[in-house]
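The values are calculated or read from the model by the stated rules, or taken from the named source; none is laboratory data. Keep in mind the model is a prediction, meaning the values are calculated, not measured. Glycine gets a Cβ as well: all are built from the backbone with ideal geometry, and neighbour counts include every protein chain shown. Accessible surface areas use protein heavy atoms only, side chains included; no ligands, DNA or RNA. Shrake-Rupley method; radii C 1.70, N 1.55, O 1.52, S 1.80 Å.
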Amino acid sequence: MPRILLTGFDAFGGDTLNPSWLAVQALHGRRIGGHRVVAAQLPTVFDASLAELGRLLRTHKPALVLCVGQAGGRAALSLERVAINVNDARIADNAAAQPVDTPVVVVGPAAYFSTLPIKAMLLALQKQGIAVEVSQTAGTFVCNHVFYGLMHMLATRRGFKRTRGGFVHVPFLPGQGQPHMALEDVVRGLRVAVRTALATQRDITQGAGAIS
């Protein structure tokens, strides 16, 4: 059975949990659209996160990859549009590294776009009553590092030209801070997003831009 790779992160920045990992872990082993979900945790560490992601890609050879991260302060599932080739850490990662103004990939392009149908995913999630938005930035911390690294690997490594990938940020869980989203809604939203991505080869045109 073809596989979907979902990744989440371990806790960071003083938190004791990370909703991205709890959500993807809840989907591990499930079947979505004729594919089996494999969930894996990435360390919130520059470089080490990409080494683990590369290992997971080689092991599972997924048809679709969705990396998930926590974005405290956001109120909705954020479907990330673009990953940029910049590390600029406001805080240290879990290995005490804090790179500033360094590239994710030295010889990589300035940016990559998600290859998932984010507008179709947006519409499907809206129809299910799940708070969702298209985001124009994944930040410059480990989430963007992983998003950019994923897209670079899919674009340049042999055997992954047809594998689609992208990134979704999820809000805090209740008890972590405001705004927040219940874990069951995050899990349901990820399931809808993955199912839509599998069923949609060509994205739709749907307004979801931002003025600022």
- Relative to the compact-globule estimate 2.2 N^0.38 Å (N residues), the Cα gyration radius of the range 50-175 stands at a ratio of 1.07
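Rounded to the nearest 0.05, what FRET efficiency do Arg202 and Lys161 give with R0 = 22 Å and r taken as the Cβ-Cβ distance? Could you check?
Working from the Cβ atoms, E equals 0.80.
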- Task: Give me the lysines in straight-line cross-link reach of Lys161: C-alpha distance below 28 Å, same-chain residues under 8 apart excluded.
- Result: Lys61, Lys119
- Item | Distant-in-sequence amide H partners of Asp10 (H built 1.01 Å from N, under 5 Å) | Leu42, Thr44
- Roughly how many Å² of Met153 are accessible to a 1.4 Å probe, to the nearest 10? 10
- Query: Dipole size in debye (nearest 20) for the chain around its Cα centre, Lys and Arg Cβ +1, Asp and Glu Cβ -1?
  - Reply: 1200
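If you roll a 1.4 Å probe over the range 121-195 with all protein chains in place, what percent of the accessible area is carbon or sulfur?
Reported share for carbon and sulfur atoms: 50 percent.
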- Report ³J(HN,Hα) in whole Hz for each residue of the range 184-193, in order, from the Karplus equation J = 6.51 cos²θ - 1.76 cosθ + 1.60 where θ = phi - 60°; Gly and Pro get x. 4, 6, 5, 4, 4, x, 5, 5, 4, 4
- Item | Given charges at Cβ of Lys, Arg, Asp, Glu: the range 154-212 dipole, positive-most of Leu198, Pro174, Ala208 | Leu198
- Apply the Karplus parameterisation 6.51 cos²θ - 1.76 cosθ + 1.60, with θ equal to phi minus 60°, to every residue of the range 42-57 and state each ³J(HN,Hα) to the nearest whole Hz, in sequence, with x for glycine and proline. 9, x, 7, 9, 4, 6, 4, 5, 6, 4, 5, 4, x, 5, 5, 5
- How many percent of all Cα-Cα pairs in the range 124-179 sit more than 15 Å apart? 65
- Message: With a 1.4 Å probe and all protein chains kept in place, how much accessible area does Arg3 have, in Å² rounded to the nearest 10?
- Response: 90
- Tell me, in nm to one decimal, what length is gained between Thr59 and Gln178 on full extension, where the rule is 0.36 nm per residue of separation less the Cα-Cα distance? 39.1 nm
- Message: What is the distance in Å between the Cα centroid of the range 95-141 and that of the range 149-212?
- Response: 8
- Over the alpha-carbon set of the chain, divide Rg by the Kirkwood Rh and report the Rg/Rh ratio to two decimals. 0.93
- Message: On a full-extension model of 0.36 nm per residue, what is the gain between Arg31 and Ala48, subtracting their alpha-carbon distance, rounded to one decimal in nm?
- Response: 3.2 nm
- Item | Val142, Val104, Val86, reordered so the largest accessible area comes first (probe 1.4 Å) | Val86, Val104, Val142
- Report the trypsin sites (Lys or Arg not before Pro) located in the range 152-208 that are in a DSSP loop and have at most 11 other Cβ atoms inside 10 Å of their Cβ, or state none. Arg158, Lys161, Arg162, Arg202
